[in-house]
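Since the structure comes first, as structure tokens, the remarks are kept for the end.
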Amino acid sequence: KPEITAPGGNIYSVNGAVAGGEAYENMSGTSMAAPQVTGMVAVLAQYLRENGLAEKAGVSARHLAQSLLMSTAMPMTDEYGDYYPVIQQGAGLANVNSAIQAGSYITVAGQPDGKGKVELGDDPAKTGVYTFGFTLHDLSGKGGTYALSADVFTQDLFTEDGIDYLDTATAALEGAKVSFDQGSVALAAGG
């Protein structure tokens with residue numbers, strides 16, 4: 001968690017603590033982002049219903065909406081161009097227009113409800129090799145060619161008083177090798 005991110009900082013909204021709800025102020029947090037996601041899902045669900053896309057895809061509208069929002073989310077970067085960690089942004093910033101315009105979406109093997117994410121888990125044997133499967137679904141009916149690429153990151157470390165701690169910052173996994181093979185991905189962690 002989170003699966004996706006929505007605008008939630010400095011949102012000018014009514015303060016519910018004021019009688020009559022007439023006092024507006026800038027607020028931030030989950031209580032500002034949640035209505036954004038709810039609205040996006042409502043608009044997307046209406047679009048899916050009006051165009052019969054969930055039935056066409058053979059999945060529930062909830063499944064398809066989640067898949068489309070996660071598949072089209074844009075990973076966010078800080079002022080230095082570094083990606084924010086997945087534990088802070090999920091798949092990235094959701095965009096309902098991108099989800100509606102999408103001609104395809106991705107699902108990952110073993111993920112319920114259309115979650116387009118990979119959870120690599122532990123590596124007790126310390127092989128540094130992870131494999132997962134995914135499927136690209138065509139909603140357009142036109143087919144297409146896809147250029148696959150991957151950026152591989154891990155949680156960064158910082159040292160304080162001689163002790164290493166996991167940071168919330170993301171660090172590129174140097175030396176990682178990624179290969180794609182007919183719907184599956186093999187990741188060999190280097191370094």
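The values are calculated or read from the model by the stated rules, or taken from the named source; none is laboratory data. The shown structure was predicted, so the numbers you read here are calculated from the model rather than taken from an experiment. Cβ atoms come from the backbone with ideal geometry, glycine included; neighbour counts cover every protein chain shown. Note: accessible area is taken over every heavy atom of the protein model, side chains too, but ligands, DNA and RNA are not part of it. Shrake-Rupley method; radii C 1.70, N 1.55, O 1.52, S 1.80 Å.
Could you list all residues from the range 151-165 that are part of a loop (DSSP other than H, G, I, E, B), loosely packed, with under 13 Cβ neighbours inside 10 Å and not charged (D, E, K, R)? Write out each step before concluding.
From the range 151-165, those part of a loop (DSSP other than H, G, I, E, B) are 151-152, 161-162; that's our starting set.
Then drop every residue that is not loosely packed, with under 13 Cβ neighbours inside 10 Å, which leaves 151, 161-162.
G162 - this is the single residue of the range 151-165 that is part of a loop (DSSP other than H, G, I, E, B), loosely packed, with under 13 Cβ neighbours inside 10 Å and not charged (D, E, K, R).
Looking at G81, G116, which is the one that is part of a loop (DSSP other than H, G, I, E, B) and in contact (Cβ under 8 Å) with a residue 12 or more places away in the chain?
G116 is the lone residue from the list that is part of a loop (DSSP other than H, G, I, E, B) and in contact (Cβ under 8 Å) with a residue 12 or more places away in the chain.
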Exactly one of G190, G121 is at pLDDT below 85, out of contact with any Lys or Arg (no Cβ under 7 Å at 6 or more places or on another chain), over 20 Å from T77 (Cβ atoms) and not in a strand (DSSP E or B), and that one is G121
Quick check: anything in the range 135-154 under 22 Å from P75 (Cα atoms), in contact with a Pro (Cβ under 7 Å, 6 or more places away or on another chain) and in contact (Cβ under 8 Å) with a residue 40 or more places away in the chain?
no
A careful count of residues in the range 37-58 that are surrounded by fewer than 16 Cβ atoms within 10 Å (Cβ to Cβ) and aliphatic (A, V, I, L, M) gives 3
Any idea which of (1) at pLDDT below 85; (2) surrounded by 12 or more Cβ atoms within 10 Å (Cβ to Cβ); (3) closer than 30 Å to G110 by Cα is the one K1 doesn't satisfy?
(2)
Quick check: is even one residue across the range 125-148 of a type in the set (D, E, K, R), over 30 Å from Y165 (Cβ atoms) and either open to solvent by 70 Å² or more (accessible area, probe 1.4 Å) or part of a loop (DSSP other than H, G, I, E, B) (or both)?
yes
Return the only residue of A65, A61 being over 27 Å from T154 (Cα atoms), touching a Leu at 6+ places or on another chain (Cβ under 9 Å) and open to solvent by 40 Å² or more (accessible area, probe 1.4 Å).
A61
